[in-house]
1. Can you tally the net charge around T162? Count Lys and Arg as +1, Asp and Glu as -1, for every other residue whose Cβ sits under 13 Å from the Cβ of T162.
2. Can you give the relative contact order of the stretch 209-299 as a percent, counting alpha carbon pairs under 8 Å and 6+ residues apart?
3. 222 nm [θ] for the chain, helices only, -39500 (n - 2.57) per DSSP H run of 4+, per residue, to 500?
4. State, as an integer percentage, the relative contact order of the chain based on alpha-carbon contacts under 8 Å between residues 6 or more apart.
5. Summarise the accessible area of the chain (1.4 Å probe, protein heavy atoms) by the percent that is carbon and sulfur.
6. In the stretch 135-244, which trypsin sites (Lys or Arg not before Pro) are in a loop and have at most 10 other Cβ atoms within 10 Å, using DSSP for the loop call?
7. Ignoring everything but the protein chains, give the 1.4 Å probe accessible area of S183 in square angstrom, nearest 10.
8. Under the rule a/c < 1.5 gives rounded, and otherwise a/b versus b/c splits prolate from oblate, where does the stretch 87-143 land using the Cα gyration tensor?
Amino acid sequence: MRMRVTPVSLRQRLVMPLLALSAVLSVLIYLSVRIGADRASEATLDAVLGAAALAMAEEMRAGEGGAVVDLSPVTFSMLAAMGEERIFYRVALNGQTLTGYDDLPAPATPPTALSPVYYTVPFRGSELRVAAVSRSLMVDNRASPLTVLLGQTREGQKAISTRLANRAAGLGLLVFLAAVPLSLLAAGSLLRPIATLAEAVGRRGPRDLRPIRHPAPAELAPFVTALNGFIGRLRGTLSQTETFIAEAAHHIRTPLSVMRNEAELALRQTAEEATRARLRSLIRAVDDSARSAGQLLDHATVLFRADQKALAVVDLAAMLAAMVARFTPMAEMKDMTLRLTPADQALPVAGDAVLVEAALRNIIDNAIKYSPQDSDIDLQAQARAGFAVIEVCDRGRGLGGSAVQGLRVRFQRGSNVGDVAGSGLGLTIVDEAATAMGGHFALTEREGGGTCATLSLPLQG
């Protein structure tokens, strides 16, 4: 059984290590300040303590019958300046205590006259820092070693270190607290190019399969390259599918035309009514199949051209007039009249001529197909609010209560046209062509019965 792994967000992957690093830095700041403060204060106090011990040793002199101990107040005033500390001392000649605390421990390493020896020992309930110095005195014409031990408690030093440590802890805490928003800002800054790239891709239409040219950081270049490769493969697959549909529709229409011609020839040569009825049904079926194949071809063409638009300035009014002339014979076969109200001026639009022609052809074909005989179809081209607008209004069956949006769905037809042959692609072709050129398509019920189809495309210039 495979366990489902919950993915961790990139923001969390970025923020958590930054916060962990900030916590480590805060601890290091605290330790550095604490250790540095301890060493600095100890070095300072040792220097003062050593100077005081040397001063005491210098004040010792030889006298008749022994050594003369002269403890100057200046020596102790030096130590008093370091804070409220207790002071212990011991002066020994030849290992015998002359004055001071006889139980004050001597250093493990005997001192020399060159520099004091420092050591820390517990003494009378306190931790004592001791400086030991040595010199020689001529006593009874003989050099005798004189040792001076001067010790001082370090409560003041500990208090100073504690204060500095508390400040270091506060500084570390401030660093960590400041790192939280900074980490979030850093993560947001790092993720912003991804969000910008996603937004640029998200703004594309459903049929926009152009390569991504949006600037991206070098780290995202492999992702963009892979995505462009995928888009290219998808575009190639769609192109192959659309080409197959177009070729299939073309190859279907050719034998259907041959079949219709043969059926018409047989219809003229036979006099048997039952056979003639079957042949007429066959001709109608062939016509329906040819119409469906034609619309499949139109739809494949629209899908392909929507991705590979060849935009140029097209006069929509002139193209409508040419399309009306093409459909006039078909309308006259049903005793219909195509009444065109010409535009007052040219209606230039930035569009694809193939898409415009496919849209107009399907609008007019639908109007003729669903209108009754001896009716009029009104066509008009005009400029309106920055758009070139084509209106085609018939006196057909209307929408029959069907939702306009549903009629634009591929292979979806109205509930009131079941007895009329159709593929359900005509309005889909018109809507997709209009969308590809930045326009829109609308269907409305016509007052008095019928339907009005409106195609609007942005005017050029």
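1. Values: positive: R34, R154, K158, R163, R167; negative: D38, E155.
That sum, taken over residues with Cβ under 13 Å, equals +3.
2. Working: 48 pairs, mean separation 28.8, N = 91.
Once normalised by length, the contact order is 32 percent.
3. Values: 9 runs with 241 residues, N = 461.
Calculated mean residue ellipticity at 222 nm is -18500 deg cm²/dmol.
4. Dividing the mean separation by the residue count of the chain yields 11 percent.
5. Values: 15340 of 25950 Å².
The nonpolar share, carbon plus sulfur, comes to 59 percent.
6. Numbers: sites: R135, R142, R154, K158, R163, R167, R203, R204, R207, R213, R233, R235; in loops: R154, R203, R204, R207, R213.
Here the trypsin sites (Lys or Arg not before Pro) that fit, given the DSSP loop and packing criteria, are R203, R213.
7. 10 Å²
8. On the way: a/c = 2.94, a/b = 1.64, b/c = 1.80.
Oblate, because a/c is 1.5 or more while a/b does not exceed b/c.
The values are calculated or read from the model by the stated rules, or taken from the named source; none is laboratory data. Model, not experiment: these values are computed from the prediction. Using ideal geometry, Cβ is built from the backbone for each residue, glycine included, and neighbour counts are taken over all protein chains shown. Surface accessibility is based on the protein's heavy atoms, side chains included, excluding ligands, DNA and RNA. Shrake-Rupley method; radii C 1.70, N 1.55, O 1.52, S 1.80 Å.
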